[in-house]
Amino acid sequence: MATYQTSAFVLKREDIFEADRLYYLYTEDFGKIRTIAGSVRKNSAKLTGHLEPFSLIWVELMAKKGGDLFITTALSEINILGGNTSPNQIALFTKMSDFILKMLRGQEKDEAMWNFIIESFWAAKKLGVGPSDKFLSEFKSGFIKLMGFGADFEEAKYYLGDFDML
């Protein structure tokens, strides 16, 4: 079984089975990945606090038979969302995360995309409680452009499918 270490940004988590969670990460070395953290919902789990959504973390992954990736170690570096957040900021972060997950199909290292995602979430944090619609639109446009479609949402819809969120 191979192990990998990388920096990652926690985009989303979902509860699965009795005590496990599925995590969607955007990693510096592998791009978007889906991983499983076993028994992380138990009271005695040590990984739980390190795997909060919108956190920048260092993670060790283990590939098992069948290609599934499991989180064996995680250390939080910083939670970008932080403690003093408004519901508007949480909603904006969630919309940005959902957009990333819908747009990126598979694992592919992309340093420019890594930097764009991290910088965009920091910029969203600094936005505070102000209007987020313009910011979200600019984020989507920059994301689409970085993927190679220019800022043309119609062209992106043609190649990637007609997403309601474009």
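Readers should treat all values here as calculations from the given coordinates under stated rules, not as data from a laboratory. Keep in mind the model is a prediction, meaning the values are calculated, not measured. Cβ coordinates were reconstructed from backbone atoms using ideal geometry, including for glycine residues, and neighbour counts include every protein chain displayed.
Which Rg and Dmax, in Å, describe the Cα atoms of the stretch 66-146?
14.2, 46
Kirkwood hydrodynamic radius, the stretch 23-125, all distinct C-alpha pairs: what's the number in Å?
Result for the stretch 23-125 stands at 14.6 Å.
Using a simple charge model, +1 on the beta-carbon of Lys and Arg, -1 on the beta-carbon of Asp and Glu, nothing else, what dipole does the chain show about its Cα centre, in debye to the nearest 20?
With only Lys, Arg, Asp and Glu charged at Cβ, the dipole is about 400 debye.
Lysines near K32 by alpha-carbon distance under 23 Å, same-chain residues fewer than 8 away left out - which ones?
Of all the lysines, those that pass the test against K32 - Cα under 23 Å, at least 8 places apart if same chain - are K12, K64, K65, K95, K102, K109, K125, K140, K145, K157.
Could you give the length gained on full extension between A91 and A112, defined as 0.36 nm per residue of separation minus the Cα-Cα distance, in nm?
Details: separation 21, 0.36 × 21 = 7.56 nm, distance 2.48 nm.
Value of the extension gain: 5.1 nm.
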